[in-house]
Amino acid sequence: MNNKQITRIRDVMKTHFDLVDGMDTVKSALQTMIHVETKCLLVKKRHENDEYGMVMLSDIAREVLAKDRAPERVNIYEIMSKPVLTVSPEMDIRYCARLFARFDLSRAPVVEQHGEIVGIVSFTDMVLKGLKKSN
């Protein structure tokens, strides 16, 4: 019998994240960022049957900065990824790491059963918080 304690996503996820509207410009979205350590912006659903989106800072660098586009003229919806894979706060971090590897992800929103984002998790969170915790 394996009595190894399971580390769940809720144990390692960040509960502070930035949620923006897809119609926001890149400039306004960046100005409303609250969390300094943020590497991505989560994009709100437009309606009940919509899905969440995500914009990585690397997307902004690649699609706005590198292409010399004006951030006040580019909307978030133009450069976001949507839909994004989400994970449950109850998921074992080992399965989440496998999911990330399979789909080449680095982070994902954490969504409760009722569909609300409660956090964000990354490989960094799983390794530094999850493996450190289990040692």
TODO: Go through Ala97, Leu85, Ile120 and say which Cα lies farthest out towards the positive end of the charge dipole of the chain; charges sit on Cβ, +1 for Lys and Arg, -1 for Asp and Glu.
DONE: Ala97
Open item on the list: What distance in nm separates the two pseudo spin-label positions at Lys45 and Tyr95, each 7 Å out from Cα along the beta-carbon direction?
Closed with: 2.2 nm
Task: Over region 9-134, relative contact order from alpha-carbon pairs under 8 Å, at least 6 apart, % - done: 30 percent
Open item on the list: On the Cα set of the chain, report Rg and Dmax in Å, please.
Closed with: 16.0, 59
Task: Residue-by-residue Karplus 3J(HN,Hα) for region 39-50, coefficients 6.51, -1.76, 1.60, Hz, glycine and proline x - done: 10, 8, 10, 8, 10, 4, 6, 7, 7, 4, 9, 8
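Which of Cys40, Cys96 has the fewest other C-beta atoms within 10 Å, and how do the rest follow up to the most? Mind showing how you got there, number by number?
On the way: Cys40 23, Cys96 26.
Going from sparsest to densest Cβ surroundings: Cys40, Cys96.
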TODO: Work out from phi, with θ = phi - 60° and the Karplus expression 6.51 cos²θ - 1.76 cosθ + 1.60, the ³J(HN,Hα) of each residue of region 19-29, listed in order in whole Hz, and give x for Gly and Pro.
DONE: 10, 10, 8, x, 7, 4, 7, 4, 4, 5, 5
Task: Sites Glu116 and Lys27 - FRET efficiency at Förster radius 35 Å, r taken between beta-carbons, to 0.05 - done: 0.80
Open item on the list: Order 115-128, 60-73 from most to least packed using the mean count of other Cβ atoms within 10 Å.
Closed with: 115-128, 60-73
Task: Gained length - Ser88 relative to Ala70, 0.36 nm times residue gap less alpha-carbon distance - done: 2.8 nm
Open item on the list: For the pair Glu37/Thr15, report the inter-label distance in nm, with labels modelled 7 Å from Cα in the Cβ direction.
Closed with: 1.4 nm
Task: Whole-Hz ³J(HN,Hα) from phi, Karplus 6.51 cos²θ - 1.76 cosθ + 1.60, for region 121-127, glycine and proline x - done: 10, 10, 4, 4, 4, 5, 6
Task: Magnitude of the charge dipole, the chain, Cβ model with Lys/Arg +1 and Asp/Glu -1, debye to 20 - done: 580 debye
Task: FRET E, pair Leu57, Arg102, Förster distance 22 Å, beta-carbon r, rounded to 0.05 - done: 0.40
TODO: With a/c under 1.5 counting as rounded, go ahead and sort region 70-135 into rounded, prolate or oblate using the C-alpha gyration tensor (a ≥ b ≥ c being the square roots of the eigenvalues; past the cut-off, prolate if a/b is larger than b/c, else oblate).
DONE: prolate
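Coordinate-derived values only; no laboratory data. Every value quoted in this text rests on a predicted model; they were computed, and no experiment measured them. Neighbour counts are summed over all protein chains in view; Cβ atoms, including those assigned to glycine, are modelled from backbone coordinates with ideal geometry.
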